[in-house]
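So the structure is just underneath, and the comments pick up after that.
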Amino acid sequence: MSVLPGTEHQPHARAVLAAAFADGGAPSHAYLFQGPPGSGKRTVARALATALLSETHDGRAVDRDDVAARVARGSHPDLTWVRPTGAGEMRVGDIDEAVVQAVANRPFEATRRVFVLERAHAMNDAAANRLLKTLEEPPAYVVLVLLSERPGELLTTIRSRCQSVRFDALPEDELVARLTRETPADERTARACARLGLGDALLARSLAGDDGRILRTAAESLARHALGGAPGMPPWRTMSEAAAERGKAAGALVEREAAEIAERLPDRERKRIERDAKDDAKRAVRRERTAALDAALRLAGLWFRDVAAVRVGADDAVHHVDRLDALREDAARTEPHRALAAVDVVDETRRSLRRNATEDLQLDAMSVRLRAALGHR
């Protein structure tokens, strides 16, 4: 196999994984697929699992399409795909039986067993330490694949026992084509969302959808209100409310998924799942609300940056390419250095919100500081 499907635009991943299947090569016992969200890590993990599980003990031919279909459905007996069951955290219970104990069982059909751990950086210390011995001394037939967009949050001992496979952000034109195919966005809006995602294809996709449009509108309103020096209450509450709605939706999703799992379990296990789901849902609400608010503030900061770019004639560097007319209006109202000072105010507020949960006070203070930065009294 010269090129593993999904690695065509990922040179590092293509080189590392092709070597594993070359004559005389062999796959590593553990890989760390690292790269931004939406860069294709899951796709390549499935392709790698398909390739590995298409090898049999006796060398007989295997219907590769059948293997790929079962891998895609998650129904191949030699593939275990692990996701955090908690909101934002992978616990010992997620990996103990599914991975640590399961590696002792020999493959059912293929020559190997493949274990894929999504969001591996979400492992808490107890889970990471529980996995460590398996990474140190796995059986010869085991291949572990850890997926992470934040590898720096993994324990150093975990990272050092995996072969790193780097995934780069998708090229802009490719991401635009994908967004145009898969979302309601037209080509110009899709390009704006691709740029506003700053390499995060999943965020770009979210921005191209209905929820993302609401978030973009709220962030733009905040920035334009500040640039215009308009009197009255700054519209940060609209942005905060949009983030809150995203949080509620994430919490509801956790509860629905837990209910579906609980239906198939004995009474005692069902009660435990239902009890944990309430705490998990609360964490999901907070996590998604915080992430959405941070994303909205980043969009507002990028609006100020784009205003500065337009003011100096650098239209090609603009992120909000579908809002050039509005950016030109705002650029006529201020000087580049003032717009960039507003970017600093927004970035400082983002950092403060990560350290301190007094959201309303900080957003209100940000509005006051933005007026000062932009020369409005």
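The values are calculated or read from the model by the stated rules, or taken from the named source; none is laboratory data. Given the structure is predicted, the values throughout are model-derived calculations rather than measurements. Note: ideal-geometry Cβ built from the backbone for every residue, glycine included; neighbour counts use all protein chains shown.
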Checklist entry - Does residue 365 count as under 17 Å from residue 219 (Cβ atoms) and either in contact with a Gly (Cβ under 7 Å, 6 or more places away or on another chain) or assigned by TED's automatic domain parsing to the domain that holds residue 242 (or both)? => result no
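Quick one: count up the residues across the stretch 168-177 that are crowded, with 18+ Cβ neighbours inside 10 Å, modelled with pLDDT under 95 and not small (Gly, Ala, Ser).
Residues of the stretch 168-177 crowded, with 18+ Cβ neighbours inside 10 Å: 169-170, 175-176.
Subset that is modelled with pLDDT under 95: 169-170, 175.
Among the residues that remain, those that are also not small (Gly, Ala, Ser) are: 170, 175.
Final tally of qualifying residues: 2.
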Checklist outcome for this item: Restricted to the stretch 306-320 and to residues being outside any loop (DSSP other than H, G, I, E, B) and either surrounded by fewer than 19 Cβ atoms within 10 Å (Cβ to Cβ) or hydroxyl-bearing (Ser, Thr, Tyr) (or both), the residue nearest to the chain's Cα centre (by Cα) is 317
Next on the checklist: Name the residue that is modelled with the lowest pLDDT, counting only residues in the stretch 103-128 that are outside any loop (DSSP other than H, G, I, E, B) and of a type in the set (Val, Ile, Thr).
Outcome noted: 103
Next on the checklist: Condition first: at pLDDT below 90 and under 19 Å from residue 307 (Cβ atoms). Now tell me which residues in the stretch 178-232 satisfy that.
Outcome noted: 228, 229, 230
Next on the checklist: Return the residues of the stretch 1-15 that are modelled with pLDDT of 85 or more and more than 23 Å from the chain's Cα centre (by Cα); say none if nothing qualifies.
Outcome noted: 15
Checklist entry - What about residue 147, is it modelled with pLDDT of 95 or more and in contact with a Lys or Arg (Cβ under 8 Å, 6 or more places away or on another chain)? => result yes
Item to check | Those residues of the stretch 242-275 which are in contact with a helix residue (DSSP H, G or I) (Cβ under 7 Å, 6 or more places away or on another chain) and modelled with pLDDT of 80 or more, in sequence order | outcome: 242, 243, 244, 246, 247, 248, 251
Checklist entry - Tally time: how many residues in the stretch 30-80 are assigned to a loop (DSSP other than H, G, I, E, B), within 15 Å of residue 112 (Cα to Cα) and either acidic (Asp, Glu) or modelled with pLDDT of 95 or more (or both)? => result 3
Checklist entry - Within the stretch 316-329, is even one residue over 24 Å from residue 204 (Cβ atoms), of a type in the set (Lys, Arg) and touching a residue at least 24 places away in the same chain (Cβ under 8 Å)? => result no
Item to check | Verdict on residue 214 being closer than 23 Å to residue 323 by Cβ, of a type outside the set (Asp, Glu) and either touching a strand residue (DSSP E or B) at 6+ places or on another chain (Cβ under 8 Å) or surrounded by fewer than 23 Cβ atoms within 10 Å (Cβ to Cβ) (or both) | outcome: yes
Item to check | Output for the stretch 326-361, where each listed residue is more than 19 Å from residue 216 (Cα to Cα), at pLDDT 95 or above and of a type in the set (Lys, Arg) | outcome: 338
Checklist outcome for this item: Of the residues in the stretch 19-47, those that are more than 11 Å from residue 145 (Cβ to Cβ) and in contact with a Cys (Cβ under 6 Å, 6 or more places away or on another chain) come to none
Checklist entry - Which ones in the stretch 1-44 are without any contact (Cβ under 8 Å) to a residue 40 or more places away in the chain, more than 25 Å from residue 194 (Cβ to Cβ) and in the same structural domain as residue 153 (by TED's automatic domain parsing)? => result 15, 18, 19, 20, 21, 22, 23, 24, 25, 26
